[in-house]
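**Student:** Here it is: the structure, laid out below.
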Amino acid sequence: QVQLVESGGGLVQPGGSLRLSCAASGFTFSRFGMGWHRQGPGKEREWVAGISSGGSTNYADSMKGRFTISRDNAKNTVYLQMNSLKPEDTAVYYCSTYVTQRRYWGQGTQVTVSS
């Protein structure tokens with residue numbers, strides 16, 4: 001079955017960087033787009049970035065220039081490089097994919113930006 005496992009979250013100071021990873025299994029990873037979403041405290045889940053099977057990328061406006069999504073098809077892994085982090089980036093970050101007419105989510109990884 002489809003499984004998505006995020007890692008790489010943690011506590012970072014404002015202005016710092018983190019790289020999140022999402023290891024995928026249970027489907028032909030290279031054939032599907034992947035995305036990152038996040039849910040901050042007291043907020044609804046929001047889309048952060050997406051990458052197509054061909055490597056095309058898209059970002060939410062507030063992340064452009066700070067976040068970079070990438071994928072390694074040999075490792076079945078999608079990454080989110082986050083730079084210039086702000087306290088408002090504090091959230092649980094989830095990776096997701098849409099396979100056979102169903103959206104799958106990982107369990108999430110906590111990112112806390114605080115001094």
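The values are calculated or read from the model by the stated rules, or taken from the named source; none is laboratory data. Remember, predicted model here, so these are calculated numbers, not experimental data. Heads up, the Cβs are rebuilt from the backbone with ideal geometry, glycines too, and the neighbour counts pull from every protein chain shown. Just so you know, the surface numbers come from the protein's heavy atoms only, side chains and all, with ligands and any DNA or RNA stripped out. Shrake-Rupley method; radii C 1.70, N 1.55, O 1.52, S 1.80 Å.
**Student:** Take the residues in the range 101-115 that are under 11 Å from the mean Cα position of the chain (by Cα) and part of a loop (DSSP other than H, G, I, E, B); name whichever of them is surrounded by the most Cβ atoms within 10 Å (Cβ to Cβ).
**Tutor:** In this case the residue turns out to be Gly106.
**Student:** While we're looking at this one, here's another question. Consider the range 1-46. How many of its residues are of a type in the set (Lys, Arg) and under 11 Å from Val111 (Cα atoms)?
**Tutor:** 2
**Student:** Still on this model: Out of the strands (runs of 3 or more DSSP E) lying entirely within the range 4-100, which hold 2 or more residues that are at pLDDT 95 or above, closer than 19 Å to Val113 by Cα and open to solvent by 20 Å² or more (accessible area, probe 1.4 Å)?
**Tutor:** 10-12, 18-25, 34-39, 46-51, 77-82, 91-99
**Student:** Please indicate, with yes or no, whether at least one residue in the range 11-29 is among the β-branched types (Val, Ile, Thr) and either in contact (Cβ under 8 Å) with a residue 12 or more places away in the chain or within 11 Å of Thr97 (Cα to Cα) (or both).
**Tutor:** yes
**Student:** Right, another one. Anything in the range 78-113 that is aromatic (Phe, Trp, Tyr), farther than 22 Å from Gly15 by Cα and in contact with a strand residue (DSSP E or B) (Cβ under 6 Å, 6 or more places away or on another chain)? List them, or say none.
**Tutor:** Answer for the range 78-113, where residues must be aromatic (Phe, Trp, Tyr), farther than 22 Å from Gly15 by Cα and in contact with a strand residue (DSSP E or B) (Cβ under 6 Å, 6 or more places away or on another chain): Tyr104, Trp105.
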